[in-house]
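Since every read-out is calculated from the coordinates, none of them should be taken as a lab result. Worth saying up front: this structure is predicted, and the values here are computed from it rather than measured. Note: ideal-geometry Cβ built from the backbone for every residue, glycine included; neighbour counts use all protein chains shown.
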Amino acid sequence: MSAPRIALGGVVRTWDGAERTGLNAAYLHSICAVGGVPVVLSPLIGPAYAARALDGMDGLVLTGGGDVDPAWYGSDPSPRADPPNRERDLFELALFAAARQRELPILGICRGIQLMNVALGGTLYQDLPSERPGVVDHNRPGARTDRSHAIRLALGSLAAEALGNSDLRVNSFHHQGIRDLAPGLVPTGWSEDDLIEAVEGAKGQPWMLGVQWHPEEMHADARAPERGLFRALVEQALSAAASVDS
């Protein structure tokens, strides 16, 4: 069987006077390292063509980035929240809906876990330091690979199985997080201040996993446990594709 094609939600940025679209290369390195073929899907495609953009894809990664518009979960914007990007929100909400309908395996990372939660009816803390102060600095300055705080994972959870451990330290740079968990999501990971750090789909549902940290940044270390998250996604994509072909 050929290598599975993994769709990744992209971003649009203005750089050097031109509008450009793409994605942090760390995500592509992470997929390539475990035998997948990464395909970046730009928000410029638009929500009307999101489902078409997933044609031929075997899995989906909802990537990190800016804050999800609080209007999607019925809240007024906090002055400490980043300006929303409705173009990206609409595109990724449509991607997520189409991927779920097709029962594709889905991995959400940082903003991705937040978008999953909002799409399914949950809410977010718009600014953790002001709305939920705690002992953990979830946005500590430093290198993107710095393991800044500990998390614990439920034994037997998708995340624990993929990472090969139920306790580890993770890199963390975010100021939002899950407040009210959406129906249909199961919490399986927590930080030391009990913020939800990992979720998965309910039992019997297609494979879906979200993590609040940035495993893609560990791609250069072949021994890093985070590689297991991407390996699990690719394995699920292979399995799903095989069942369709059979």
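Please list log₁₀ I(q)/I(0) at q = 0.13, 0.14, 0.26, 0.28 Å⁻¹ for the stretch 1-71, using the Debye equation with identical point scatterers on the alpha-carbon positions. Taken in order of the listed q values, log10 I(q)/I(0) reads -0.42, -0.49, -1.24, -1.31. Comparing Ala202, Gly142, Gly35 along the charge dipole axis of the chain, the residue lying farthest to the positive side is Gly35, per the Cβ-charge model. Ranked by the mean number of other Cβ atoms within 10 Å of their residues, highest first, the peptides 117-123, 221-227, 11-17 come out as 117-123, 221-227, 11-17.
Just so you know, the Cα atoms of the chain work out to an Rg and Dmax of 16.8, 53 Å. Histogrammed with a bin width of 10 Å, the alpha carbon distances of the stretch 141-246 distribute as 14, 45, 32, 8, 1 percent, first bin at zero.
Considering only the other residues whose Cβ falls under 11 Å of the Cβ of Asn165, what net charge follows from Lys and Arg at +1 and Asp and Glu at -1? Please list the in-between numbers first.
Details: positive: Arg152, Arg169; negative: Glu161, Asp167, Glu226.
In short, -1.
For the pair the stretch 199-246 / the stretch 83-161, the C-alpha centres are spaced 15 Å from each other. With the Cα gyration tensor of the stretch 16-127 giving a ≥ b ≥ c as the square roots of its eigenvalues, does the rule (a/c under 1.5 for rounded; else a/b larger than b/c for prolate; else oblate) give rounded, prolate or oblate? Prolate is the answer for the stretch 16-127, as a/c is 1.5 or above and a/b outweighs b/c. Among the GluC sites (Glu not before Pro) in the stretch 44-125, none sits in a DSSP loop with a Cβ that has at most 10 other Cβ atoms within 10 Å.
Please compute the length gained on full extension between Arg147 and Ile45, using 0.36 nm multiplied by the number of residues separating them and subtracting their Cα-Cα distance. Can you show the working numbers first?
Working: separation 102, 0.36 × 102 = 36.72 nm, distance 3.51 nm.
The span from Arg147 to Ile45 would gain 33.2 nm if fully extended.
One chain, two ends: Ser130 and Arg80. Fully extended at 0.36 nm per residue, the span grows by 17.2 nm beyond their Cα-Cα distance.
Given R₀ = 30 Å, what would the calculated FRET efficiency be for Cys32 paired with Val186, taking r from the Cβ atoms and rounding to 0.05? Numbers along the way, then the final one.
On the way: r = 30 Å, r/R0 = 0.99.
So, using R0 = 30 Å, E works out to roughly 0.50.
Would you mind putting 50-56, 228-234 in packing order, based on average other-beta-carbon counts within 10 Å, highest first?
Values: 50-56: 15.0, 228-234: 23.0.
Result, highest mean first: 228-234, 50-56.
Given the rule -39500 (n - 2.57) for each run of at least 4 DSSP H residues, summed and divided by the residues of the chain, what is its mean residue ellipticity at 222 nm, to the nearest 500 deg cm²/dmol?
Details: 7 runs with 67 residues, N = 246.
Helix contribution divided over all residues of the chain: -8000 deg cm²/dmol.
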